[in-house]
Amino acid sequence: MLSYFVMTCLQLFASFFRIGTFTIGGGYAMIPLMEEELVAKRKCLSREEFLDMLALAQAMPGVFAVNMATSVGYKLRGFMGAVCAIVGNVLVPVVCILLLAMLFSQFKDNVYVENVFKGIRPAVVALIAAPVFRLAKTAKLSWRNCWIPILAVVLIFFISPVWVILAGVLLGIFLPSVITKNK
(Lines give C-alpha, C1' and ligand atoms only; values in the text may rest on other atoms or scores of the structure.)
Protein backbone atom coordinates (compact mmCIF):
# COMPACT_ATOMS: atom_id res chain seq x y z
CA MET A 1 0.00 0.00 0.00
CA LEU A 2 1.36 3.41 -0.95
CA SER A 3 1.63 6.06 1.69
CA TYR A 4 0.19 9.13 0.05
CA PHE A 5 1.50 12.64 0.53
CA VAL A 6 -1.36 14.95 1.43
CA MET A 7 -1.11 18.16 -0.57
CA THR A 8 -2.43 21.45 0.77
CA CYS A 9 -4.45 23.74 -1.47
CA LEU A 10 -1.41 26.01 -1.83
CA GLN A 11 0.76 23.05 -2.90
CA LEU A 12 -1.94 22.00 -5.38
CA PHE A 13 -2.02 25.52 -6.81
CA ALA A 14 1.81 25.64 -7.02
CA SER A 15 2.07 22.21 -8.68
CA PHE A 16 -0.55 22.97 -11.31
CA PHE A 17 0.86 26.48 -11.78
CA ARG A 18 4.22 24.90 -12.68
CA ILE A 19 2.53 22.40 -14.95
CA GLY A 20 0.53 25.11 -16.72
CA THR A 21 3.55 27.40 -17.00
CA PHE A 22 6.01 24.93 -18.50
CA THR A 23 3.75 23.08 -20.91
CA ILE A 24 3.78 23.97 -24.57
CA GLY A 25 1.22 22.31 -26.79
CA GLY A 26 -1.98 22.08 -24.80
CA GLY A 27 -3.56 19.64 -22.39
CA TYR A 28 -2.15 16.37 -23.67
CA ALA A 29 1.39 17.74 -23.56
CA MET A 30 0.81 18.22 -19.80
CA ILE A 31 0.48 14.49 -19.17
CA PRO A 32 4.20 13.78 -18.57
CA LEU A 33 4.56 16.80 -16.28
CA MET A 34 1.43 15.83 -14.33
CA GLU A 35 2.59 12.24 -14.01
CA GLU A 36 6.05 13.31 -12.84
CA GLU A 37 4.66 15.82 -10.32
CA LEU A 38 1.73 13.83 -8.91
CA VAL A 39 2.89 10.21 -9.16
CA ALA A 40 6.69 10.23 -9.07
CA LYS A 41 7.62 13.36 -7.12
CA ARG A 42 4.72 14.07 -4.73
CA LYS A 43 3.42 10.49 -4.57
CA CYS A 44 -0.10 11.75 -3.92
CA LEU A 45 -1.55 9.43 -6.59
CA SER A 46 -0.70 5.89 -7.60
CA ARG A 47 0.02 5.23 -11.28
CA GLU A 48 -3.30 3.37 -11.55
CA GLU A 49 -5.24 6.27 -10.00
CA PHE A 50 -3.50 8.66 -12.38
CA LEU A 51 -4.43 6.46 -15.34
CA ASP A 52 -8.06 6.28 -14.18
CA MET A 53 -8.23 10.07 -13.79
CA LEU A 54 -6.63 10.48 -17.20
CA ALA A 55 -9.30 8.28 -18.78
CA LEU A 56 -12.05 10.16 -16.93
CA ALA A 57 -10.65 13.57 -17.93
CA GLN A 58 -10.53 12.51 -21.58
CA ALA A 59 -14.09 11.25 -21.51
CA MET A 60 -15.56 14.36 -19.86
CA PRO A 61 -16.65 17.27 -22.03
CA GLY A 62 -14.47 20.35 -21.89
CA VAL A 63 -10.80 21.15 -21.85
CA PHE A 64 -8.63 18.16 -20.92
CA ALA A 65 -6.19 20.11 -18.71
CA VAL A 66 -9.04 21.65 -16.71
CA ASN A 67 -10.77 18.27 -16.39
CA MET A 68 -7.58 16.70 -15.10
CA ALA A 69 -6.92 19.55 -12.65
CA THR A 70 -10.52 19.30 -11.43
CA SER A 71 -10.32 15.53 -10.88
CA VAL A 72 -6.98 15.61 -9.09
CA GLY A 73 -7.78 18.69 -7.01
CA TYR A 74 -11.16 17.32 -5.94
CA LYS A 75 -9.75 13.91 -5.03
CA LEU A 76 -6.94 15.39 -2.94
CA ARG A 77 -8.61 18.41 -1.27
CA GLY A 78 -12.30 18.51 -2.23
CA PHE A 79 -13.99 21.51 -3.83
CA MET A 80 -11.32 24.05 -2.80
CA GLY A 81 -8.60 21.72 -4.06
CA ALA A 82 -10.32 21.57 -7.43
CA VAL A 83 -10.57 25.37 -7.57
CA CYS A 84 -6.89 25.82 -6.62
CA ALA A 85 -5.72 23.24 -9.16
CA ILE A 86 -7.82 24.76 -11.96
CA VAL A 87 -6.71 28.35 -11.27
CA GLY A 88 -3.08 27.27 -11.00
CA ASN A 89 -3.32 25.30 -14.22
CA VAL A 90 -4.94 27.96 -16.40
CA LEU A 91 -3.55 31.21 -15.00
CA VAL A 92 -0.35 31.45 -17.06
CA PRO A 93 -1.81 30.01 -20.30
CA VAL A 94 -4.77 32.42 -20.17
CA VAL A 95 -2.47 35.41 -19.63
CA CYS A 96 -0.20 34.23 -22.47
CA ILE A 97 -3.14 33.73 -24.82
CA LEU A 98 -4.46 37.20 -24.03
CA LEU A 99 -1.04 38.75 -24.70
CA LEU A 100 -0.61 36.75 -27.91
CA ALA A 101 -4.08 37.74 -29.09
CA MET A 102 -3.26 41.39 -28.55
CA LEU A 103 0.09 41.14 -30.34
CA PHE A 104 -0.62 38.46 -32.97
CA SER A 105 -1.80 40.79 -35.72
CA GLN A 106 1.56 42.59 -35.55
CA PHE A 107 3.66 39.41 -35.79
CA LYS A 108 1.50 36.94 -37.75
CA ASP A 109 3.53 37.35 -40.95
CA ASN A 110 6.95 37.41 -39.25
CA VAL A 111 9.17 34.65 -40.63
CA TYR A 112 10.92 34.13 -37.26
CA VAL A 113 7.65 33.66 -35.43
CA GLU A 114 6.52 31.10 -38.04
CA ASN A 115 9.81 29.23 -37.68
CA VAL A 116 9.51 29.11 -33.89
CA PHE A 117 6.06 27.54 -34.18
CA LYS A 118 7.32 25.05 -36.79
CA GLY A 119 10.18 24.11 -34.45
CA ILE A 120 7.88 23.55 -31.48
CA ARG A 121 5.57 21.09 -33.31
CA PRO A 122 7.86 18.01 -33.21
CA ALA A 123 8.57 18.55 -29.52
CA VAL A 124 4.84 18.66 -28.79
CA VAL A 125 4.30 15.38 -30.67
CA ALA A 126 7.06 13.76 -28.59
CA LEU A 127 5.57 15.15 -25.36
CA ILE A 128 2.25 13.56 -26.24
CA ALA A 129 3.66 10.25 -27.53
CA ALA A 130 5.96 9.51 -24.56
CA PRO A 131 3.24 9.20 -21.89
CA VAL A 132 1.04 7.19 -24.26
CA PHE A 133 3.64 4.41 -24.31
CA ARG A 134 4.32 4.69 -20.57
CA LEU A 135 0.61 4.59 -19.74
CA ALA A 136 0.08 1.66 -22.12
CA LYS A 137 2.33 -0.38 -19.81
CA THR A 138 0.35 0.73 -16.75
CA ALA A 139 -2.91 -0.20 -18.49
CA LYS A 140 -1.40 -3.65 -19.15
CA LEU A 141 -1.68 -3.19 -22.91
CA SER A 142 -0.17 -6.18 -24.70
CA TRP A 143 -0.07 -7.65 -28.18
CA ARG A 144 -3.26 -9.58 -27.32
CA ASN A 145 -5.36 -6.52 -26.48
CA CYS A 146 -3.67 -3.69 -28.43
CA TRP A 147 -6.39 -4.04 -31.08
CA ILE A 148 -8.83 -2.25 -28.76
CA PRO A 149 -7.24 1.24 -28.81
CA ILE A 150 -6.34 0.82 -32.49
CA LEU A 151 -9.98 -0.02 -33.30
CA ALA A 152 -11.15 2.96 -31.21
CA VAL A 153 -8.88 5.34 -33.15
CA VAL A 154 -10.10 3.96 -36.49
CA LEU A 155 -13.77 4.18 -35.42
CA ILE A 156 -13.34 7.81 -34.34
CA PHE A 157 -12.55 8.66 -37.97
CA PHE A 158 -15.93 7.28 -39.07
CA ILE A 159 -18.30 7.90 -36.16
CA SER A 160 -18.57 10.35 -33.29
CA PRO A 161 -16.12 9.81 -30.40
CA VAL A 162 -19.13 9.93 -28.07
CA TRP A 163 -20.42 6.64 -29.50
CA VAL A 164 -16.98 5.05 -29.27
CA ILE A 165 -16.69 6.06 -25.60
CA LEU A 166 -20.21 4.83 -24.82
CA ALA A 167 -19.49 1.52 -26.55
CA GLY A 168 -16.28 1.18 -24.51
CA VAL A 169 -18.14 1.87 -21.28
CA LEU A 170 -20.84 -0.67 -22.08
CA LEU A 171 -18.32 -3.31 -23.14
CA GLY A 172 -16.31 -2.64 -19.98
CA ILE A 173 -19.41 -3.15 -17.86
CA PHE A 174 -21.01 -6.13 -19.55
CA LEU A 175 -18.19 -8.07 -21.24
CA PRO A 176 -16.38 -9.14 -18.03
CA SER A 177 -19.61 -10.49 -16.55
CA VAL A 178 -20.36 -12.45 -19.74
CA ILE A 179 -16.83 -13.89 -19.79
CA THR A 180 -16.91 -14.94 -16.12
CA LYS A 181 -20.40 -16.48 -16.54
CA ASN A 182 -19.18 -18.71 -19.37
CA LYS A 183 -16.17 -20.04 -17.39
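The values are calculated or read from the model by the stated rules, or taken from the named source; none is laboratory data. All values derive from a computational prediction rather than experimental measurement. Backbone-built Cβ (ideal geometry, glycine too); neighbour counts: all protein chains shown. When the accessible area is computed, the model is the full protein with side chains, heavy atoms only, and any ligands, DNA or RNA have been set aside. Shrake-Rupley method; radii C 1.70, N 1.55, O 1.52, S 1.80 Å.
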Report summary line: Helix 111-138 sits off the longest principal axis of the Cα atoms of the chain, rounded to the nearest 10 on a 0 to 90 degree scale, by 20 degrees
Report task. With springs only between Cα atoms under 10 Å apart, run a GNM on the chain and tell me which of Gly78, Gly168, Gly27 wobbles the most. Result -> Gly168
Query - Charge dipole of segment 76-161 about the Cα centre (unit charges at C-beta), most positive-ward option of Pro161, Val111, Cys96 - result: Pro161
Query raised in the report: About its Cα centre, how strong a charge dipole does the chain have in debye, to the nearest 20, once Lys and Arg get +1 and Asp and Glu get -1 at the Cβ?
Result: 540 debye
Report summary line: Of Leu98, Leu171, Leu12, the most mobile residue in a GNM of the chain (C-alpha springs, cutoff 10 Å) is Leu171
Query raised in the report: Mind checking the angle between helix 9-21 and the chain's longest principal axis? C-alpha axes, 0 to 90 degrees, to the nearest 10.
Result: 70 degrees
Query raised in the report: Solvent-accessible area per residue for segment 36-77 at a 1.4 Å probe radius, Å²?
Result: 49 Å²
Report summary line: Excluding residues fewer than 8 positions from Lys41 in its own chain, the aspartates and glutamates with Cα under 14 Å of it are none
Requested in this report: May I ask which residue of Ile31, Val66, Gly172 lies farthest towards the positive end of the charge dipole of the chain, with charges of +1 (Lys, Arg) and -1 (Asp, Glu) on Cβ and the Cα centre as origin?
Outcome: Gly172
Report summary line: Result for segment 107-178: accessible area per residue, probe 1.4 angstrom, in square angstrom, of 83 Å²
Requested in this report: Give, rounded to the nearest 20 debye, the magnitude of the charge dipole that segment 22-128 has about its Cα centre when Lys and Arg contribute +1 at Cβ and Asp and Glu contribute -1 at Cβ.
Outcome: 140 debye
Report task. Treat each spin label as a single point 7 Å out from the Cα along the C-beta direction, and report the Leu56 to Glu114 distance in nm. Result -> 4.5 nm
Query raised in the report: By residue number, which cysteines of the chain lack any other Cys whose Cβ falls under 4.7 Å from their Cβ?
Result: Cys44, Cys96, Cys146
Query raised in the report: Going by alpha carbons, how many degrees (0 to 90, nearest 10) lie between the helix axis of 64-107 and the longest principal axis of the chain?
Result: 40 degrees
Report task. Can you spot the aspartates and glutamates whose alpha carbon is less than 15 Å from Lys75's alpha carbon? Ignore those fewer than 8 places along the same chain. Result -> Glu48, Glu49, Asp52
Report summary line: With all protein chains present, segment 1-106 has a carbon and sulfur share of its accessible area (1.4 Å probe) in percent of 73 percent
